1. By the scheme Lys and Arg +1, Asp and Glu -1, what is the net charge of all other residues having a beta-carbon under 15 Å from that of ASN259?
2. Near LYS104, which aspartates and glutamates are there with a Cα under 12 Å away, not counting those fewer than 8 places off in the same chain?
3. Could you provide, to the nearest whole Å², the per residue accessible area of region 254-332 with probe 1.4 Å?
4. Cα gyration tensor of region 153-192, axes a ≥ b ≥ c as square roots of the eigenvalues: rounded (a/c below 1.5), prolate (a/b > b/c) or oblate?
5. Once amide H atoms are placed 1.01 Å from N in the peptide plane, what residues at a sequence separation of 5 or more from LEU642, or on another chain, have their amide H within under 5 Å of its amide H?
6. Quick one: pull the percent of accessible area on region 132-290 belonging to carbon and sulfur, 1.4 Å probe, ligands and nucleic acids left out.
7. Once neighbouring chains are kept in place and the probe is 1.4 Å, which whole percent of the accessible area of region 345-388 is contributed by carbon and sulfur?
8. Can you sort HIS313, HIS566, HIS54 by 1.4 Å-probe accessible area, starting with the largest?
Amino acid sequence: MQIYNPRFILLIISLLLFISCMQKKEPLPLVGTSSGNSFTIPDSTWQKLNNFKHKKKQIAFLLKLSEQYLNTQAQYSLELARLAEQLSEGTNLRAEKATSLYWKAFILNQEDPQNIQLQKALADVKISIELFEKLNKPLWLSRALNLRALIHYNLYDEPTGAIYNKKSQQVLKENNLAPENHPKIWADVFRTAGNIELYTSKNTDTVLYYFDLSYRCYKLIQDTSSLARLLNNYAIIYENRKELSLADSAFQKAINLYNSAGNNFQKASIYLDYATFLANRFKASKEKKWFDKSNQFLFKAMSLGPLKITEIHFQYGANFQNLASYNKPISKVLFDSASFHYEKVLEIGVKEKNTKYIEKAAQEISKICLKIDFNKCQNLLAKTSSSYQAIVDSTTIALNIASQKMEVFQEEQANRERQRIIIWSIISFIGLIIFFVALFQRSRIRFLNNQLSMRLESLRSQMNPHFISNSLNAIDSLINQGRNEEASEYIIDFSRLCRLILSNSKKDLISIKKEIETLSYYLSLEKLRMRKNLNYSFDIQKGLNIDEIQIPPMLLQPFIENSIVHGIQKKQAPGHILISIKKTSSNIIECIVEDDGIGREKAKAFKIQSMVDRPSWGINITKERIESIKKIKGAEFEIIDLFNHKKQACGTRIIIRFPSITKLKTQS
């Protein structure tokens, strides 16, 4: 068959057009309810929506309505933005899709900054930034970059937030979008910069400088809601500067603005913040009038409905705990009241997925546990562990959903690229063949890389619950032995360790400094349990930049655990573990875990196993992780059995080597 035969070319064109059409998604059916969501969109909205025949106009209608109800009915606004995103799927309406994703992320972040739904918001805003960049929409790009900065700030990652806030300002300046012409976006950017500055440099003068710039911009457009929120920020700064009268005045102005124009969520938020401020005044002055006034505002916040309930119960608990410290005759009753509210935090916090306040409640429970009834103490500790486990599970699910969304978006972009190639291939059949071969190879590489990344994510998510489970077993053991003071100390360190684990589990790589901090907490807990039978030391190469060099999180802990359980615990004398980290001349990071235990062969002879007669999952997981890393970065893993001069087993040495990875490389 000749390649230029008209019938052959017509057949190829028809086949390509068929493939292109098959790649398009089916349009979303417009029905009378928002199925699959907890909020039902009213029939009147659907009727108005169906009056528009084109999807672009339908999406524009939904987004306008979503922005209109942003400050009055946030859940309704969120569902409208979700529906707008669904309508944009499978179309070329990329600007509408980017705007829909922006508003979804904005509402999720605004409604509850403590919620782990922020991971979903972060995935949405990442996609919107990528789309706005490609569409060359600088104003929307700046808004999305600033929103990403704010989300990182709420995730306690202020340095990353500062980077994206500066990028937002840079986009505005490069495109000559001056504050006098675009006061709203500049006001938001200045406010975010001030909040981040407070937790990075802690220079309150610089913070107030940014807030003053923001205030002038909000004042220019008479944005009452944003002014009230900014006054709340002012109050916090004044409190930090010990200017309490100014702080109280700022709170009162914010409360008045919200009472006149705010919704219930905004009112509950300002009442809670003011109650916290009053509680701090009580703690500093011991004047009970501040305690009473704080509780009055907590009651007002709770009376507005199921809004910020976890935070309200925590502050109630903190108030009663502080009062108990100054009122010894009835301290037992007051501590019981505090424990009641902390228990509510654990229960409601899991439902609201409020990670931060579950952690804070756990820390306070550890402080008062020995001052309340023993059975109640045990019950609270059990609830603390179950709440932590539930939060770990919820966080893993949220991360997986966010990851899947990014993968779907990347696949959509790949499909769009394939369709573009198909259209051009009609003009040049030879070019089509070349493009298909190149596209197949690129897609194959991307697929393999994604599979490896997903595997690493899966292995990492398995380690956190395993590690927490081991620590909780140790706490339970101390309590059962009646070692209450040690248990309390253990719980405090354990809560700090859990926070590190939860933070590190979201990252592919962490600094050596963070890994050492995590291992120090873990070993201190094991030392508390084993006493003189366990000693340990760190040997970190002098001059090694532990802040910049990155390693996989929780890389060494399973091997240290193995050394303790299988090497040292059965030894008839105290044991020692050495953790060594250095950089070789060939730019290789070498991590060593060495123990002076009984050795692997003797451990096998004794048939040493864990308490529940199971294999060391942490070791297996880490071996699999190293195998995956090896495929990408060329890592090495080695186990060496140690012998003394009599050729008797005297320990085990684990060596892990991989190329040095710096923070700069990981960011690029």
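1. My count for the surroundings of ASN259 gives +3.
2. Correct list for LYS104: GLU67, GLU79, GLU85, ASP124.
3. Values: 3460 Å² over 79 residues.
Heavy-atom SASA per residue in region 254-332 reads 44 Å².
4. Oblate, because a/c is 1.5 or more while a/b does not exceed b/c.
5. It is CYS650, GLY651, THR652, ARG653, by chain and number.
6. Summing carbon and sulfur atoms, their accessible area is 48 percent of the total for region 132-290.
7. Heavy-atom surface of region 345-388 belonging to carbon and sulfur, 1.4 Å probe: 51 percent.
8. Values: HIS313 20, HIS566 45, HIS54 120 Å².
Descending accessible area places them as HIS54, HIS566, HIS313.
The values are calculated or read from the model by the stated rules, or taken from the named source; none is laboratory data. Keep in mind that this is a model prediction, so the values were computed, not measured. Ideal geometry is used to build each Cβ from the backbone, glycine not excepted, and the neighbour counts take in all protein chains shown. Just the protein is used for accessible areas: all its heavy atoms, side chains included, with ligands, DNA and RNA removed. Shrake-Rupley method; radii C 1.70, N 1.55, O 1.52, S 1.80 Å.
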